[in-house]
Amino acid sequence: MKTRFQRSAPLLLLPLVAACSNPVSFGVTDVDDARALWAENEPRHYAYTLLRDCFCDSRSLRITVRDGELVSVDLAPGEREFEPLPEPSTIEELFGLIEDIAAREEYVIEFRFDRRRGFPSDILADVPGTFDASLHIRVRDFVAIP
């Protein structure tokens, strides 16, 4: 017998899925097009906030990249310490994550890209029919560093 929470869990995910269901509004819908746009506009140094939500954990990290290499990962203000889990850190790694998930037949993936620079701004991956296999990654507060 399913608990009340188990029966209502899919309804709790609807706003999350609905928020990521229209990639056309972001102007770029194809991974290759977005990657080409990123290559044209990629700053040598940049920082952004990575927001990751999944069944197991949620976190907000401030990531800084210089010359394509990760230089720092800091907890966003108000975040608690955590045991590190593998995280994509550079924008290139986010593109790789999209491609890795898309190659898995069991996953459904939706994504959005920043219309100006082409970086992935939202990635939503889920295994239909499961409750604990969803992952939502968002890139916020992106800034090029001189």
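The values are calculated or read from the model by the stated rules, or taken from the named source; none is laboratory data. Keep in mind it's a predicted model, so treat the numbers as computed, not measured. Cβ coordinates were reconstructed from backbone atoms using ideal geometry, including for glycine residues, and neighbour counts include every protein chain displayed.
At a glance:
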quantity: The stretch 101-136 - residue that is more than 24 Å from TYR46 (Cα to Cα) and acidic (Asp, Glu) and, of those, modelled with the lowest pLDDT; calculated: ASP132
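Residues checked against (1) within 22 Å of ASP100 (Cα to Cα); (2) loosely packed, with under 13 Cβ neighbours inside 10 Å; (3) under 19 Å from the mean Cα position of the chain (by Cα); (4) modelled with pLDDT under 85:
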{"position": "GLN6", "(1), (2), (3), (4)": "no, yes, no, yes"}
{"position": "PRO10", "(1), (2), (3), (4)": "no, yes, no, yes"}
{"position": "LEU16", "(1), (2), (3), (4)": "yes, no, yes, yes"}
{"position": "PRO23", "(1), (2), (3), (4)": "yes, no, yes, yes"}
{"position": "VAL28", "(1), (2), (3), (4)": "yes, no, yes, yes"}
{"position": "TYR46", "(1), (2), (3), (4)": "no, no, yes, no"}
{"position": "VAL73", "(1), (2), (3), (4)": "no, no, yes, no"}
